[in-house]
Amino acid sequence: MQAAVVAKSTRAPLLVNGTSMSSTASPSCLRCGECCRKGGPALHSEDRLLVVDGVIHTRHLFTIRSGETAWDPVRGGLVQVPEEIVKIKGCDGEWTCRFFDAGASACRIHAERPLECRVLECRDPDRLARVYGERRLGRSDLLSGVEGLWELIRDHDRRCDCNRARGLLAQRRPEAERELSEMIRYDEELRRLMVGRGGLEPEMLEFLLGRPMALVVRLMRREGETGGQAAEAPPPALTEDS
Ligand code: SF4
């Protein structure tokens, strides 16, 4: 399923905080692909039409929900995300952005690459820092008009609230563990039904519902064991087996 369709239009020139920025790679860019191997970008409002127009399919995205832990490339550390982030997935269980062509060391959607990729200049990290936390694209920007589905996602967010899960883990009580187990069970059942009865492509689940609750809780537990400093950031397309 692709997101609800709106009229196609020419994408706007690149403006950051009202200032025009070159959308081409810097002359000093060696196109080594190092940035792309570190992971796909988070999307911003400026990227919405890339999804609506099908340049980036929603099956290529995943959602990090509010309260989850994620790697912040600007701060260079793990942070608890205050609002959800929609990102391009990695591929083959690696960080590498799935639009990166390793053979050609090039981006497969170079002419229409997302905002963060257009502003990123490895020798000038301030360019990314200026846009990183601004005008993030969320699932509501793409799905709030899809009747039925959006209500289902909202309900899942309420029942499987990551901030609530974090609080329950901190309690270390049997009742809290039972509630966590119920969250995980509900999440698993909903995913199973959406694919089995709803006919949804399994690849869509990490965008629509975020990463599986069992995985989210496991990563939070790991974080707790290391005093809030997880040994490494969770890869972008972690599976239940990771
Ligand atoms: S979209 Fe293109 S430029 Fe951006 S990280 Fe992926 S491969 Fe690299």
Discussion item. Suppose R0 equals 35 Å. What FRET efficiency, 1/(1 + (r/R0)^6) with r the Cβ-Cβ distance, do Arg37 and Glu151 give to the nearest 0.05?
Written reply: 0.35
Discussion item. Taking only Cα atoms of region 15-238, what ratio of Rg to Rh do you get with Rh as the Kirkwood inverse-distance radius?
Written reply: 0.98
Practice prompt. For each of Ser66, Ser105, count neighbouring Cβ atoms within 10 Å of the residue's Cβ, then give the residues from fewest to most.
Written response: Ser105, Ser66
Discussion item. If a paramagnetic tag sat 7 Å from the Cα of Leu193 along the Cα-Cβ line, which residues of region 147-183 would have the backbone N under 19 Å from that point?
Written reply: 147-161, 180-183
Discussion item. I want to check the label-to-label distance for Glu182 and Arg159. Put each point 7 Å from Cα in the C-beta direction and report it in nm to one decimal.
Written reply: 1.1
Discussion item. Suppose each label sits 7 Å from its Cα in the direction of the beta carbon; what would the Asp92-His57 distance come out to in nanometres?
Written reply: 2.0
Worksheet item: If you project the alpha carbons of region 47-151 onto their three principal axes, what span does each projection cover, largest first, in Å?
Response: 44, 30, 26
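FYI, it's all coordinate maths here, none of it is from the lab. Note that the structure is predicted; figures quoted are calculated from it, not measured. When we count neighbours, we look across all protein chains shown, and the Cβ atoms used for this are built from the backbone with ideal geometry, even at glycine.
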